[in-house]
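Here is the structure we will look at.
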2 protein chains.
Amino acid sequence: MPAPLDGIKVLDFTRFQAGPTATVLLSDLGADIVKVEIPGQGDQGRYIHAVEGLSATPYFIAHDRGKRGITVDFRSPQGKEILLKIGAGCDVIVENFRPGYADKIGLGYEAFRARNEVIVYAAVSAYGEDGPLGNLTGFDIHGQAMGGIMSVAGDDGASYTAGAAIGDQLAGMTLASAVLGGLVARERQGHGQKVTVSLYGCQLALQSWEINQYALGGSLPPKAKTGHPQLHKTGMIWGSFPTKEGDVVLGGVGGARWQIFCELLGIDPGPDVDPRASFIRDKSAFIPAIRKGLLKRTADEWVRLFRDQDLMISKVNTYADVVDDPQAWANGYMIELEDPNGRKLPVVGSPFRFYANPVKPQGPPPELGQHTEEVLIECGFGWEEIASWRDQGII
Amino acid sequence: MPAPLDGIKVLDFTRFQAGPTATVLLSDLGADIVKVEIPGQGDQGRYIHAVEGLSATPYFIAHDRGKRGITVDFRSPQGKEILLKIGAGCDVIVENFRPGYADKIGLGYEAFRARNEVIVYAAVSAYGEDGPLGNLTGFDIHGQAMGGIMSVAGDDGASYTAGAAIGDQLAGMTLASAVLGGLVARERQGHGQKVTVSLYGCQLALQSWEINQYALGGSLPPKAKTGHPQLHKTGMIWGSFPTKEGDVVLGGVGGARWQIFCELLGIDPGPDVDPRASFIRDKSAFIPAIRKGLLKRTADEWVRLFRDQDLMISKVNTYADVVDDPQAWANGYMIELEDPNGRKLPVVGSPFRFYANPVKPQGPPPELGQHTEEVLIECGFGWEEIASWRDQGII
């Protein structure tokens, strides 16, 4: 069985994180991604936090593995011509330029559409192309700040981020959806189009409940701290707690399992209540006893004991716990990637599982310009012009 | 022009958040979502944090607007038969039951496939269906804890969440991608299949860079606090800062704009450096002066001044700022939804923009069982059997 996106060819102008994340997800689904970089320079992601002894940065591996790489100076007229011709044979174009830039340099949707009527052209911006901020650029942290999560993350006293670069990454993951949606429409309706998302818009989608709760309920939530900023009102046991060693999270304890839960912790369960009502009844009075009880064993011990009773619990994993977790490996969330020197690298894989089609990482990220000649030859260009473009610094 | 998913029919068994988020995104793209709930009971999302005077909770509006709703007791043999018949006419089934439960009650992939060879069957679990935790359930906070973000979010001293229910929501958004990928494969290759994601796997995908950085670089990051846990090493100015009123975020200041930036803040830019090197050079020595400078004006003033000079900056928005932001409304990230009483509600819309096909919210969430008769009649059932099932409590 071929991959789900077998035969789908993507011309990829993305750099840094939001754009490349979209195309790495499509690569795992089997698309042929041709990443375009400026000769002698390349995506800045190649240089963020290099690790000694590795031929690519962890950042570049995360966002650009499994792609083919070509160098073409898209700012030169000849370079542009080359890319329009490659694009004509592609199904999808993806970019994360500043809104308007691709059009300005003659590589926008209309330019590709003129050569290929059914092209799906996907772009991600900082704040959305319409509105007063439509032409601004912004990085990950601007998306997080604009979308409101920094007003609730962490504790009082400062504006904390969500903890990782979720502004860029979520936008990239959502851009992959937009591409797939565009492909469904093309396959079923026969037309191409431009599809877009933004860092800001994706942050709103990420918090649709919490933002609706304010918009319709009218009161701003407190900081989330170790739980959820709006679940605090329910009195549910929902948050992280220290143990003898390491932290655990509890969430949604109740129902028929409340008795077992209290028994394990050695606390008084209080009077019997209807199992369904028990789930959402105010349990804040129990919190001090739960805190005290949890200190008697380590996080690993509690996780084992609770899960044996089918109670929901998790350890607060560090990245070291994640990388070592058999569960992550069993599901392909962690994979081994062979680098160009034959070294096996433990890296994050795909979140998708397709039971009929294989979801399979296509290998390491390209070296700068590694597939330039291969792709140009495939596209019908000749060795002579290729050599001349190389001499002129166009490729 | 019809919607991108015009003609796609989805039978939706999801409840709470991760599953419903996937189908609400598909609804905005034009799919016909038929949500199944237990008669007299319904999705628990209908009851989380009700707001007085509203016919649906903000939670349920966020995750279930634009769907049709039917009540069928899928635990009864007759209910199951009804649902298999409805499913036979659908393109997609979506569920977020505990792994194995759908199969156990006779409503798993194989059961639907037996009636419809090309069905796309999508499911989201807590930790992935394979591996030692394959059959466990878990809520949002368990996904966040397992995936590592709680080890870096916030400040030292406790395990903080990311600030919102991103464990469930991200999994839902990614499940929508899986459905779309499954539909692309079906349209191009002619087969259906089961596709899945999990809360845990999506958290790893969300942090592919940060986890790779540990896996390949070998040292655990500090807490992210007001910035990024791994960008702290670059010396970039990346984080939130207090102003005279409100906080702002700066990220990636440098290049040719460093001089303007320092001028606006009234600080000494130091000796001239190459604009490209300037971007990533260690600027930690400037931080105290930047902090002091920012206190001279309000966040709104700084945002105006900086953006006038095309410098990247954002205010740390509260949800109130988001809900009032013209940028959010101009791009459809906030929309007005008319509730059954004709009241216009401000709620979060779709993160997608499709330039040829309309992306359009399909209305409020269904009342419990609102479309039961309509859907059963469409499916070819008769009024007499419908009346009898209603008498028996099956629908």
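Take peptide A:235-242, look around each residue's Cβ out to 10 angstrom, count Cβ atoms belonging to other protein chains, and average those counts.
So the per-residue partner count for this stretch is 3.
Taking the Cβ of B:Ala56 as the center, what net charge do the other residues with Cβ under 9 Å away carry, scoring Lys and Arg +1 and Asp and Glu -1? Walk me through the numbers on the way to the answer.
Details: positive: B:Arg46, B:Arg65; negative: B:Asp64, B:Asp339, B:Glu367.
Residues close to B:Ala56 contribute a combined charge of -1.
What does the copy distance list look like for B:Glu373, label position 7 Å along Cα→Cβ, in nm and ordered from shortest?
Distances to the matching label points in the other copies: 7.4 nm.
Sticking to Cα atoms, compute the Rg of segment A:251-395 to one decimal and its Dmax as the biggest Cα-Cα distance, whole number, in Å.
Gyration radius and largest Cα-Cα distance of segment A:251-395: 27.4, 86 Å.
Quick one: Cα centre-to-centre distance for segment B:121-156 and segment B:368-383, in angstrom?
First find each Cα centre; the distance between them is then 37 Å.
So if the hydrodynamic radius of segment B:140-227 is defined as the Kirkwood radius over C-alpha pairs, what does Stokes-Einstein give as its diffusion coefficient at 25 °C and 0.890 mPa s, in µm² per second?
Details: Rh = 14.5 Å.
Roughly 169 µm²/s, to the nearest whole number.
Based solely on its DSSP helices, what 222 nm [θ] is calculated for chain B when runs of n ≥ 4 H residues each add -39,500 (n - 2.57) and the sum is averaged over all residues, nearest 500 deg cm²/dmol?
-10500 deg cm²/dmol
Pick out which of A:Cys202, A:Cys90, A:Cys379 has the largest mean-square fluctuation in a Gaussian network model of chain A, springs linking Cα atoms closer than 10 Å.
Comparing A:Cys202, A:Cys90, A:Cys379 in a Gaussian network model of chain A, the most mobile one is A:Cys379.
Once Rh for chain A is found with the Kirkwood sum over Cα pairs, what is the Stokes-Einstein diffusion coefficient at 10 °C and 1.306 mPa s, in µm²/s? Can you show the working numbers first?
On the way: Rh = 23.8 Å.
Rounded, D is 67 µm²/s.
From the phi angles alone, apply the Karplus equation (6.51, -1.76, 1.60; θ = phi - 60°) to segment A:37-54 and give each ³J(HN,Hα) in whole Hz, x where the residue is Gly or Pro.
Running phi through 6.51 cos²θ - 1.76 cosθ + 1.60 with θ = phi - 60° gives 10, 6, x, x, 10, x, 4, 4, x, 5, 10, 7, 6, 4, 10, 4, x, 9 Hz.
Which of the peptides A:39-50, B:353-364, A:16-27 is most tightly packed, and how do the rest follow, going by the mean number of other Cβ atoms within 10 Å of each residue?
Those peptides, ordered most packed to least, come out A:16-27, B:353-364, A:39-50.
Taking chain A as a Gaussian network, Cα atoms linked when under 10 Å apart, which of A:Asp130, A:Asp64, A:Asp339 shows the biggest mean-square fluctuation?
In the Gaussian network model the winner is A:Asp130.
A 21 angstrom limit on the alpha carbon distance is what I want to check against. Which of A:Lys292/B:Lys225; A:Lys9/A:Lys85; A:Lys35/A:Lys194; A:Lys80/A:Lys194; A:Lys67/B:Lys223; A:Lys223/B:Lys67 exceed it?
A:Lys292/B:Lys225; A:Lys67/B:Lys223; A:Lys223/B:Lys67
Pull up the cross-link candidates among the aspartates and glutamates for B:Lys296, meaning alpha carbon to alpha carbon under 12 Å and not fewer than 8 places away within one chain.
Result set, ordered by chain and number: B:Glu245.
Distance from the Cα centre of segment B:27-79 to that of segment A:13-49, in angstrom?
That distance is 40 Å.
Show the residues, 5+ positions off or on another chain, whose built amide H is closer than 5 Å to the amide H of B:Gln370.
B:Gly69
In segment B:180-240, how does Rg compare with the Kirkwood Rh, expressed as the Rg/Rh ratio over alpha carbon atoms?
Working: Rg = 18.3 Å, Rh = 14.7 Å.
Rounded to two decimals, Rg over Rh is 1.24.
Net charge within 13 Å of A:Ala158 by Cβ-Cβ distance, Lys/Arg positive one each and Asp/Glu negative one each, not counting A:Ala158 itself?
0
Kirkwood Rh over Cα pairs of the protein assembly as shown into Stokes-Einstein at 4 °C, 1.567 mPa s: D in µm²/s?
Working: Rh = 26.8 Å.
Once the numbers are plugged in, D ends up at 48 µm²/s.
Remind me, relative contact order of segment A:1-69 in percent, using alpha carbon pairs under 8 angstrom and six or more residues apart?
Once normalised by length, the contact order is 36 percent.
Percent of Cα-Cα pairs per 5 Å bin, from 0 to the last occupied bin, for segment B:311-395, please list those.
3, 11, 14, 13, 12, 11, 11, 8, 6, 5, 2, 1, 1, 0
If we sort A:341-348, B:8-15 on the protection proxy, mean other Cβ atoms within 10 Å, highest first, what's the order?
Top to bottom by mean Cβ count within 10 Å: B:8-15, A:341-348.
Among bridges DSSP assigns within the protein assembly as shown, what percent are antiparallel (round to 5)?
Given both bridge residues lie in the protein assembly as shown, the antiparallel proportion sits at roughly 40 percent.
May I ask you to report, in nm to one decimal and beginning with the shortest, the distances from A:Gly100 to the same position in the other copies, taking label points 7 Å along Cα-to-Cβ?
Result for A:Gly100, in nm, nearest copy first: 5.8.
Picking from A:Pro77, A:Pro288, A:Pro242, which is most flexible by a Gaussian network model of chain A using Cα springs under 10 Å?
A:Pro288
Mind listing the phi-derived Karplus ³J(HN,Hα) values for segment B:179-196, rounded to whole Hz, using 6.51, -1.76 and 1.60 with θ = phi - 60°, and x for any glycine or proline?
Rounded to whole hertz, the list is 4, 5, x, x, 6, 4, 4, 5, 5, 8, 10, x, 10, x, 4, 8, 10, 9.
Mind checking A:184-197 for the average number of partner chain beta-carbons within 10 Å of each residue's beta-carbon?
Per residue, the number of nearby Cβ atoms from other chains is 6 on average.
Taking θ as phi - 60°, what are the ³J(HN,Hα) couplings along segment A:285-296 by the Karplus curve (6.51, -1.76, 1.60), each to the nearest whole Hz, with x for Gly and Pro?
Each residue's phi maps through the Karplus curve to give 5, 7, 4, x, 5, 5, 3, 5, x, 5, 6, 6 Hz.
Equivalent ellipsoid semi-axes for segment A:249-330, as square roots of 5 times the alpha carbon gyration tensor eigenvalues: give them largest first, rounded to whole Å.
Ellipsoid half-lengths, sorted descending, are 26, 14, 11 Å.
Let me see the pair-distance distribution of segment B:1-66: every alpha carbon pair, 5 Å bin width, integer percents in order.
Percent of Cα pairs in each bin: 4, 19, 26, 22, 15, 9, 4, 1.
To one decimal in nm, how far is A:Ser284 from the same spot in the other copies, if labels go 7 Å from Cα toward Cβ? Please give the shortest first.
Shortest to longest, the spacings are 4.1 nm.
With N set to the number of residues, divide the alpha-carbon radius of gyration of segment A:1-158 by 2.2 N^0.38 Å and report two decimals.
Dividing the Cα radius of gyration by 2.2 N^0.38 Å gives 1.14.
How high is the relative contact order of chain A, in percent, counting Cα pairs under 8 Å that sit 6 or more residues apart?
Dividing the mean separation by the residue count of chain A yields 20 percent.
Per residue of B:54-65, how many C-beta atoms from partner chains lie within 10 Å of its own C-beta, taken as a mean?
4
Non-local amide H neighbours of B:Gly349 (under 5 Å, H modeled in plane, Pro and chain starts lacking H): which ones?
The list, which skips near neighbours in sequence, is B:Met334, B:Ile335.
Values quoted throughout were computed directly from the atomic coordinates according to the rules given, and no laboratory measurement underlies them. Just so we're clear, the structure is a prediction, and the values are computed from it rather than from any experiment. Methodologically, a virtual Cβ is constructed for each residue, glycine included, from the backbone with ideal geometry; neighbour enumeration extends over all protein chains shown.
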